[in-house]
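K.L.:
First, the structure itself, so that you have it in front of you.
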Amino acid sequence: MTTPIGPTDSSRTPRFAGPATFARLPRLDQVERADVAVVGVPFDTGVSYRPGARFGPAAIRDASRLLRPYHPALDVSPFAALQVVDGGDIAVNPFSIGDAVETIDAAATDLLRTGARLVTLGGDHTIALPLLRSLHRVHGPIAMLHFDAHLDTWDTYFGEPYTHGTPFRRAVEEGLLDTEAIAHVGTRGPLYGKRDLEDDRRFGFGIVTSADVMRRGVDEVADALRQRIGNRPLYVSVDIDVLDPAHAPGTGTPEAGGLTSRELLEILRGLAGCRIVGADVVEVAPAYDHAQITATAAAHVAYDLVSVLALGPAATTG
Ligand SMILES: [Mn+2]
């Protein structure tokens, strides 16, 4: 294997200058092959409340300029262990959700064929469905950890099946997920009714609420999740609204009482060793952000996901 091409040298080009790629990494077209591609999906037509997540990828990339190459907590240099690149943005139709879903699936499928694993920057949570469809074709049913204030297993909004509140109901209906190993983490806030939880349980989801994380602690939660997942191919979906609005104000559907960014990062680090086949960070809406709080949190989530990928087994096809 050739030595990976790392980020632009910050001793020569200051971090606030130079290319606006994720972590100042090379672009996909600048390398022979990539192990991990960080890809933007600037799409927010599926949101039910505040719009603006279409500007998420650009905001996360800008906040990622300060990421440095060594991860001390995990003792790994992810950009040296793997060839990580910025795969650019998937250009989606902002006027047709159905068309966008097909475009994301096709583009992700093409990227997966290059051998790269994808860490996707949203965009609203609608994008997880086509990403899971493309992964399912490679790996079969996939385990999933879904970090989110919300369940995202509702049926429809205004009669529409593809929205940011419905991707995981569709994913279960389509058989994309391994229902022995799917869980929400960080759930909180009011629901429409008790039925929401009954439906969700019927689909097979476990729930670790935001309050559970506080009471049980991050290590115990991460251990329990790791045990449930085992060696299954795993998708990790992080809706930034899993964080408390104090830690992520720039998002579409904020709920009080969420995780701290420290708790979220610690749980993600606890997934080291899992067979992660793909991940996303979604729902960053920079227009409601302040001082890059949300974009910085999202950049660090993406960095920790890449670092965990660098420590885990390669995603061989199942
Ligand atoms: Mn969500």
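K.L.:
Please report the net charge: other residues with Cβ closer than 9 Å to the Cβ of ALA37, K and R +1, D and E -1. It would help to have the intermediate numbers written out before the result.
P.N.:
Details: positive: ARG117; negative: ASP35, ASP86.
Result for the neighbourhood of ALA37: -1.
K.L.:
Roughly what angle does helix 194-203 make with the longest principal axis of the chain, taking Cα atoms, 0 to 90 degrees, to the nearest 10?
P.N.:
That works out to roughly 60 degrees.
K.L.:
What does the charge count near SER96 come to, summing +1 for each Lys or Arg and -1 for each Asp or Glu among other residues with Cβ under 13 Å from its Cβ? Intermediate results must be reported in sequence, preceding the final value.
P.N.:
Numbers: positive: none; negative: ASP99, GLU102, GLU160.
With Lys, Arg at +1 and Asp, Glu at -1, the net is -3.
K.L.:
Run the paramagnetic zone check for ARG113: 7 angstrom along Cα to Cβ, then residues of segment 28-51 with backbone nitrogen under 17 Å.
P.N.:
Output list for this probe position: 29, 33-34.
K.L.:
Can you work out the FRET efficiency for the pair GLU32 and GLU174, with r the C-beta to C-beta distance and R0 = 30 Å, to the nearest 0.05? Walk me through the numbers on the way to the answer.
P.N.:
Details: r = 35 Å, r/R0 = 1.16.
For GLU32 and GLU174, the calculated efficiency is 0.30.
K.L.:
Listing SER48, SER210, SER96 from the residue with the fewest other Cβ atoms within 10 Å to the one with the most, what is the order? Please report the intermediate quantities before stating the final value.
P.N.:
On the way: SER48 17, SER210 21, SER96 12.
Result, fewest neighbours first: SER96, SER48, SER210.
K.L.:
Say each of ARG15 and LEU66 gets a label point 7 Å from the Cα, pointing the same way as Cα to Cβ; how far apart are those two points in nm?
P.N.:
My value for the distance between the label points is 0.6 nm.
K.L.:
OK, next. State log₁₀ I(q)/I(0) for segment 234-318 at q = 0.21, 0.25 Å⁻¹ as given by the Debye formula over alpha-carbon point scatterers of equal weight, solvent excluded.
P.N.:
Here the Debye-derived log intensity ratios amount to -0.90, -1.14.
K.L.:
Still on this structure, please answer the following. Once the cut-off is 21 Å, how many percent of the Cα-Cα pairs in segment 140-215 end up in the long-distance tail?
P.N.:
Tail fraction, whole percent: 22.
K.L.:
Rank by packing, highest mean first: peptides 245-254, 55-64, with packing defined as the count of other Cβ atoms within 10 Å averaged across residues. Working shown, then result.
P.N.:
On the way: 245-254: 22.2, 55-64: 23.9.
Descending packing order for the listed peptides: 55-64, 245-254.
K.L.:
List the extent of the Cα atoms of the chain along each of their three principal axes, largest first, rounded to whole Å.
P.N.:
For the chain, the Cα extents along the three principal axes come out at 57, 42, 38 Å.
K.L.:
In Å, the Kirkwood hydrodynamic radius of segment 69-169 over pairs of distinct alpha carbons?
P.N.:
Kirkwood hydrodynamic radius for segment 69-169: 15.4 Å.
K.L.:
Take the alpha carbon atoms of segment 109-134, find their center, do the same for segment 155-177, and report the distance between the two centers in whole angstrom.
P.N.:
Cα centroid of segment 109-134 versus Cα centroid of segment 155-177: 17 Å apart.
K.L.:
Another question, if that's okay. Could you run the Karplus curve 6.51 cos²θ - 1.76 cosθ + 1.60 with θ = phi - 60° over segment 206-213 and give me ³J(HN,Hα) per residue in whole Hz, x for Gly and Pro?
P.N.:
Computed from phi, the couplings for segment 206-213 are x, 10, 10, 6, 4, 5, 4, 4 Hz.
K.L.:
Please work out the C-alpha center-to-center distance from segment 64-98 to segment 255-288 and express it in whole Å.
P.N.:
Distance between centres, Cα-based: 14 Å.
K.L.:
Shifting gears a bit: Just add up the charged neighbours of GLY273: K/R +1, D/E -1, any other residue whose Cβ is under 13 Å from the Cβ of GLY273.
P.N.:
Working: positive: ARG226, ARG232, ARG269, ARG275; negative: ASP223.
Cβ neighbours under 13 Å give a net charge of +3.
Since every read-out is calculated from the coordinates, none of them should be taken as a lab result. From a predicted model like this one, the values you see are computed outputs, not experimental measurements. Heads up, the Cβs are rebuilt from the backbone with ideal geometry, glycines too, and the neighbour counts pull from every protein chain shown.
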